[in-house]
1. Quick one: B:Leu20 ticks every box in (1) facing chain A (nearest Cβ under 9 Å); (2) under 16 Å from A:Ala249 (Cβ atoms) except a single one, so which number is it?
2. Go through the range B:168-189 and give me each residue that's modelled with pLDDT under 85 and closer than 22 Å to B:Leu132 by Cα.
3. Here's a check for you: in the range B:30-49, which residue that is within 14 Å of chain A (Cβ to nearest Cβ) and buried (at least 23 other Cβ atoms within 10 Å of the Cβ) is nearest to the chain's Cα centre (by Cα)?
4. Inspect all residues belonging to the range A:236-254 and state whether any of them is among the basic types (Lys, Arg), facing another protein chain (nearest Cβ under 10 Å) and part of a helix (DSSP H, G or I).
5. All but one of (1) within 38 Å of the chain's Cα centre (by Cα); (2) within 14 Å of chain B (Cβ to nearest Cβ) hold for A:Gly207; state the number of the condition that does not hold.
6. Kindly indicate whether A:Leu348 is touching a residue at least 24 places away in the same chain (Cβ under 8 Å) and touching a Cys at 6+ places or on another chain (Cβ under 8 Å).
7. Restricted to the range A:293-320, and to residues that are loosely packed, with under 14 Cβ neighbours inside 10 Å and aliphatic (A, V, I, L, M), which residue is modelled with the highest pLDDT?
8. Of the numbered conditions (1) surrounded by 14 or more Cβ atoms within 10 Å (Cβ to Cβ); (2) out of contact with any Asp or Glu (no Cβ under 6 Å at 6 or more places or on another chain); (3) modelled with pLDDT of 90 or more, A:Thr290 satisfies every one except a single condition; which is it?
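The values are calculated or read from the model by the stated rules, or taken from the named source; none is laboratory data. Keep in mind the model is a prediction, meaning the values are calculated, not measured. Here the Cβ positions follow ideal geometry from the backbone for every residue, glycine too, while neighbour counts run over all protein chains shown.
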Amino acid sequence: MNSLRTKLLVSLLAIISVAWLATAGFIYYDAHHEIDELFDAQLAQSAHVLLAQAGHDLKDAREDEDDDGIATEIAGAGHKYERKIAFQIHDEHGRLLLRSASAPVEPLARRENGYAEVTIAGKSWRVYTLKDAGNEILVQVGERHEVRNELAASVALRLLLPLGVTLPVLALLIWLAVGRGLSPLRRISCEVEQRDPSNLAPLEGHGVPVEIAPLLHALNTLLGRLDQALESERRFTADAAHELRTPLAALKIQAQVARRAESEAQRVTALDNLIVGVDRATHLIGQLLTLARLEPTAGSTVMMASCDVAAIARQVLAGLAPAALEKQIELELASPAAATIRGNADMLAILLRNLVDNAIRYTPGHGRVSVSLLVEQGRVRLEVTDSGPGIPEQERQRVFDRFYRILGSDAAGSGLGLSIVKRIADVHAASLALADGEHGAGLRVSVAFPLN
Amino acid sequence: MRLLLVEDDPLLGDGVRVGLQQSGFVVDWVKDGQAAKLALQAGAYALVVLDLGLPRLSGTDLLKWLRGSGNDTPVLILTARDTVADRVNGLDSGADDYLIKPFDLDELGARIRALLRRAGGRAAPLIVHGQLEIDPATRQVMLAGKPVELSPREYAILLALLEGAGRSLSREQLEQCLYGWGDEVESNAVEVHIHHLRKKLGAELIRTLRGVGYLVDKA
C-alpha cells in the first residue's frame with residue numbers, strides 16, 4: 001500500500017534507530033578507550049605491587065631453601081574474573097618462580113618492560129612486564145582482553161535497552177502525529193467526495209497548511225476552468241437550440257397559417273413567409289456546414305498558397321453588390337492592385353463574404369459599407385466598416401461564439417457568421433478586432449494577416 | 001380576448017400573430033422584453049405568450065418582474081430549450097404553461113383557451129349561460145340547442161361579457177377586446193355589435209348601464 005503515513009512512520013523509525021545505534025557504537029568505543037586506560041594503569045600498578053611484595057619474599061625464600069625449579073602456584077580465590085587475570089614471576093634466568101592458577105606455564109610475554117599484546121591458547125591477553133632494578137626478578141601481569149570488551153559492550157548495551165522499550169511507544173506516537181498532520185488532506189478529500197457532481201464552486205481553503213495550499217489552489221483552478229467550460233457548453237446548447245428550432249417553428253406556424261387562411265391574400269402572405277423561412281433555414285444549414293468543414297480534424301492540413309486578397313475582395317464584393325443595391329447601401333472597396341498573402345483562397349473568400357454580408361444585413365437601407373485593404377509593414381490589414389447599429393463593447397467578446405446573436409437584432413442572421421470568420425482568421429494566424437465604425441457609429445471589423 | 005405576444009423572431013412572431021387572430025384572439029405583438037414591459041404596464045391582457053430568448057429584457061426576467069409586481073395574468077412560454085431543468089425553471093419563475101419550439105398552432109390555441117378558462121374560474125370547456133352555450137375551441141354558439149352565426153367581433157364581445165358575467169364592461173374595455181395595435185377603431189362599432197347580438201340572442205341578455213357600459217347578469 002502506498003501510504004504516506006506508513007512511509008513516514010517507517011522512515012522516521014529507521015532514522016531514530018540508526019541515530020540511536022550510532023550513539024551506542026560511539027559510546028562503546030569511547031568507553032572501551034577509557035576502560036583500556038584504566039585497566040592498563042591497574043595492570044601496571046598490580047605489577048609494581050607484586051614486584052615490591054612478592055619479589056622480596058621470593059628472594060628470601062630462595063636463600064633459605066634450595067631451589068627445586070618448580071614454581072609455586074597460587075590458588076584462585078573464586079571470582080568470576082579470576083581466570084581472566086593472571087600473573088607470573090620469573091627469575092633472572094627466565095625460570096618461573098610463581099604464577100597464578102590462571103596463568104600458563106610458559107612466559108606470558110617477552111622479557112621486555114612495558115605492555116604487550118599476546119595470544120595464548122587462542123585467547124588474546126594484555127600483558128605488562130616489569131623487572132626489578134637488579135634485573136633479578138621479572139613480573140608479568142596479564143589480563144584477558146575479553147574483560148574490557150565485555151565491560152564496554154555492557155555500557156553500550158545498557159544504552160540500547162531503552163531503545164527497544166521506547167521504539168513501539170515512539171511508533172505509536174509518530175503514527176498519531178502523522179495522522180493528525182494529514183487530517184487537512186482527509187478533510188479536503190471528504191469534501192470532494194461528498195460533493196454534488198454539479199457543484200463546481202471552489203473548495204473551502206480556510207486553515208489549510210502551506211504544503212497543501214498549492215494542491216487546493218490547483219484543484220480550485222481546475223474546478224473553475226471546468227465550470228467555465230461547462231457553462232460555455234450549456235450556453236452553446238441553449239443558443240443552438242434557439243437558433244435551430246426557431247426557424248423550424250416559424251416554418252410550421254406559417255404553413256399552418258396558410259392552411260387555415262381566411263382569405264387568398266392571407267394565404268399568399270403566409271406562403272411567401274414560408275419561402276423566406278426556408279431560405280433562412282437553408283442559409284443556416286449552409287453556415288453550419290461551412291463551420292463543420294472548418295473544424296480542425298486530426299491529420300488534415302489546410303492547403304496554403306500565395307493568394308491575392310485584393311482579387312478575392314473584388315470577386316466577393318461583385319457577388320454581394322446586388323444585395324447592397326437592393327437595400328440602397330453604398331458598397332465600396334479601397335484596395336491596392338494586389339495584396340498577396342499566404343493563405344487558402346476559398347477560406348479567405350468565405351471570410352470576406354461573411355464580413356461583408358453581415359455588414360449589409362445589419363446596416364439599415366441607404367447606409368454605407370466600405371471594405372479597405374492596406375499593405376502595412378509585415379502585414380495586410382483588411383477592414384470592413386458599416387454604418388449599422390454596431391456591437392456594444394461588452395458583447396464584442398461573445399459575438400464570436402457559435403450561435404450567439406446580439407439581442408435585439410432584427411436581421412435574420414444565423415449567429416454563425418462571426419464564428420466562421422474567427423475560425424478562418426485563426427487558421428491564417430491573423431488577428432481579429434472589433435471597433436466602432438466611422439464617427440463612433442456602426443462597426444469596424446479589422447483582420448490583420450501576417451505577410452509570411 | 002386580447003393577448004400579448006412577445007417574440008423576437010420576425011417570421012415566427014408574424015405566424016403566431018396571424019394564427020391566433022385566425023383563432024379569434026386579438027393579438028398585440030412586441031419584439032423585446034422592454035416593449036413587453038411597457039405594454040403590460042399600459043393595458044390589461046387576458047394572457048401573455050412569451051418567448052424566453054428575448055432581446056433587451058430576457059423572458060425569465062420579464063416573468064419575474066410581472067409576478068413581482070402582483071400581476072397574475074396567465075403566461076404561456078415558448079422556448080427552444082427542452083431540458084427538464086429548463087422547463088422546471090420556466091414554470092417556477094411564474095409561467096402557467098410551456099410549449100417547446102417547434103409547436104403546433106392548434107395546440108397553442110388549445111392551451112391558451114385552457115389557461116383562459118382556468119383564469120376565468122371555469123373547469124368545463126363550454127361556457128353555459130341559461131340557454132346559451134358557447135364552445136371557445138370551435139367558436140360555436142348555440143341558443144336553445146340551435147346554432148347561431150356570429151361575426152368574429154360579435155363573438156369577441158359576447159365572450160368578454162360572459163367571461164365577466166355580473167360585472168359591467170365599459171365601451172373602451174370592449175373596444176380593447178376588438179382591436180389590436182394598428183387596427184382602426186370605428187367610433188360606434190361596439191354599439192352596432194351589441195345591437196346585432198341582441199337581435200340574434202334576445203334583448204334581455206345584455207343590459208345597458210347608462211354612462212357605465214354593458215352587463216350580462218350572472219347565470
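1. Going through the list (1) facing chain A (nearest Cβ under 9 Å); (2) under 16 Å from A:Ala249 (Cβ atoms), B:Leu20 breaks only (1).
2. Once the filter is applied, which keeps residues that are modelled with pLDDT under 85 and closer than 22 Å to B:Leu132 by Cα, the range B:168-189 yields B:Leu174, B:Cys177, B:Leu178.
3. B:Val49
4. Within the range A:236-254, the first condition is being among the basic types (Lys, Arg), and the residues that meet it are A:245, A:252.
Retained after the next criterion (residues that are facing another protein chain (nearest Cβ under 10 Å)): A:245, A:252.
With part of a helix (DSSP H, G or I) added as a condition, the list becomes A:245, A:252.
Within the range A:236-254, one or more residues are among the basic types (Lys, Arg), facing another protein chain (nearest Cβ under 10 Å) and part of a helix (DSSP H, G or I).
5. Exception for A:Gly207: condition (2).
6. Numbers: touching a residue at least 24 places away in the same chain (Cβ under 8 Å): yes; touching a Cys at 6+ places or on another chain (Cβ under 8 Å): yes.
Judged against the criteria, A:Leu348 is a match.
7. Here the answer is A:Ala318.
8. The single condition A:Thr290 does not satisfy is (3).
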